[in-house]
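Note sheet for the following structure.
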Amino acid sequence: MAQYEHVFLARQDLSQAQVDALAATATEIVEANQGKVTKTETWGLKNLAYKIKRNRKAHFVLLNIEAPGDTIAELERQTQINEDVIRYLTIRVDEHEAGPSVMMRKSDRERTRRREREGN
């Protein structure tokens with residue numbers, strides 16, 4: 001099966017529980033169409049470079065998916081309909097990255113630096 005990375009941006013006024021529910025819904029769509037979500041990462045609320053649909057911030061979520069193309073088409077169709085999702089992007093990849101993504105490693109590094117500064 002083909003492997004994909006699906007990233008979507010959810011509205012800034014949603015709670016973390018609502019964002020998790022969006023990720024769960026996307027997972028259900030994939031699994032109902034003979035696919036499998038191998039990893040889900042929530043990157044948190046981040047600033048956007050420019051306003052998108054009147055939002056200056058958005059919740060970022062990454063899904064690593066193994067599925068046929070039809071499943072991705074259905075996931076994107078239902079994502080477009082959802083008013084809580086302001087942007088999404090699905091990319092086919094040769095293989096998924098092992099361990100945490102670059103975004104998660106970056107936030108861990110920033111947290112470590114902040115702790116070191118506070119300790120000095």
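Readers should treat all values here as calculations from the given coordinates under stated rules, not as data from a laboratory. The shown structure was predicted, so the numbers you read here are calculated from the model rather than taken from an experiment. Cβ: placed from backbone, ideal geometry, glycine included. Neighbour counts: every protein chain shown.
Go through segment 14-47 residue by residue and tally those that are more than 28 Å from ASP94 (Cβ to Cβ) and either free of Cβ contacts under 8 Å to residues at least 24 places away in the same chain or not hydrophobic (A, V, I, L, M, F, W, C) (or both). Adding up the residues that qualify gives 7.
Okay, residues lined up against (1) more than 17 Å from THR27 (Cα to Cα); (2) among the basic types (Lys, Arg); (3) assigned to a strand (DSSP E or B):
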position: ILE65; (1), (2), (3): no, no, yes
position: ILE72; (1), (2), (3): no, no, no
position: GLN80; (1), (2), (3): no, no, no
position: THR90; (1), (2), (3): no, no, yes
position: THR112; (1), (2), (3): yes, no, no
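When the residues of segment 1-27 are filtered to those that are small (Gly, Ala, Ser) and surrounded by 17 or more Cβ atoms within 10 Å (Cβ to Cβ), the one that is nearest to GLU76 (Cα to Cα) is ALA26. The residues listed here are GLY99, GLY119, GLY44; of these, the one that is among the small types (Gly, Ala, Ser), within 11 Å of the chain's Cα centre (by Cα) and surrounded by fewer than 16 Cβ atoms within 10 Å (Cβ to Cβ) is GLY44.
Of all residues in segment 25-52, those satisfying the criterion of being in a helix (DSSP H, G or I) and either in contact with a Gly (Cβ under 7 Å, 6 or more places away or on another chain) or within 25 Å of LYS106 (Cβ to Cβ) (or both) are ALA26, THR27.
Is it true that VAL30 is of a type in the set (Val, Ile, Thr), buried (at least 17 other Cβ atoms within 10 Å of the Cβ) and touching a His at 6+ places or on another chain (Cβ under 6 Å)? No.
Restricted to segment 18-35, and to residues there that are in contact with a strand residue (DSSP E or B) (Cβ under 7 Å, 6 or more places away or on another chain) and hydrophobic (A, V, I, L, M, F, W, C), the residue that is nearest to LEU62 (Cα to Cα) is ALA23.
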